[in-house]
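Remarks on the structure that follows.
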Ligand code: RB5
């Protein structure tokens, strides 16, 4: 899978670990930075990850900051992005299966690296169920977005 991966300074160490893991599993990682340890602003990197997903350059995104909260708020501002903050494996797969989550956000100051990998595995291995009730709910989410973007929705 082609995955856009980004972090701020709070998440850069975990990002390095995740990057290595994903490539080891055969995924293609689009590294969106930051690669420095100095302070940066999470919206700059969330924007890059979310835009890669919006344009289809990447199928999914993973964005890591200190808590995951800022990463999630910023990612969800990009149309077409459905970002979720997950620190457990159930949310990691169910967010995709039921809600078609396409960006996973995590907080490196919240989650250990091994659990982060398990959450990522759950996220990457999951597919949207396409069940009627979930499609209906997703379309309602898209309709909310369309009220502000003016885009036509199914
Ligand atoms: C940066 O110190 C921190 O605020 C950021 O990584 C993140 O936790 C924001 O939600």
(Q) Relative contact order of the chain, please, whole-number percent, based on alpha carbon pairs below 8 angstrom and at least 6 residues apart. (A) 22 percent
Q. For segment 48-96 and segment 108-140, what is the separation of their Cα centres, given in Å?
A. 10 Å
**Q.** Mean separation of Cα contacts under 8 Å (6+ apart) over length of segment 52-101, as relative contact order %
**A.** 26 percent
Q: Taking the Cβ of each residue in 55, 89 as the centre, tally the other Cβ atoms inside 10 Å and list the residues starting with the fewest.
A: 55, 89
Q | segment 109-123 residues near the modelled residue 69 label - backbone nitrogen below 15 Å, point 7 Å along Cα→Cβ | A | 109-111
Q. Helix 42-55 versus the longest principal axis of the chain: what is the Cα-based angle in degrees, 0 to 90, to the nearest 10?
A. 50 degrees
Q) To the nearest 500 deg cm²/dmol, what mean residue ellipticity at 222 nm is calculated for the chain from DSSP H runs of n ≥ 4 alone, each contributing -39,500 (n - 2.57), summed and divided by the residues? A) -15500 deg cm²/dmol
Q. What FRET efficiency, computed as 1/(1 + (r/R0)^6) with R0 = 35 Å and r the Cβ-Cβ distance, is obtained for residue 131 and residue 2, rounded to the nearest 0.05?
A. 0.85
(Q) Can you compute the modelled spin-label distance between residue 77 and residue 151, with each label point 7 Å from Cα toward Cβ, in nm? (A) 1.7 nm
Q) Roughly how tilted is helix 132-149, in degrees to the nearest 10 and between 0 and 90, from the longest Cα axis of the chain? A) 80 degrees
Q. Does anyone have the angle between helix 113-125 and the longest principal axis of the chain? Alpha-carbon axes, 0 to 90°, nearest 10?
A. 30 degrees
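The numbers here are math on the coordinates, done by the rules we state, and not lab data. Keep in mind it's a predicted model, so treat the numbers as computed, not measured. Neighbour counts run over all protein chains shown; Cβ positions are idealised from the backbone, glycine included.
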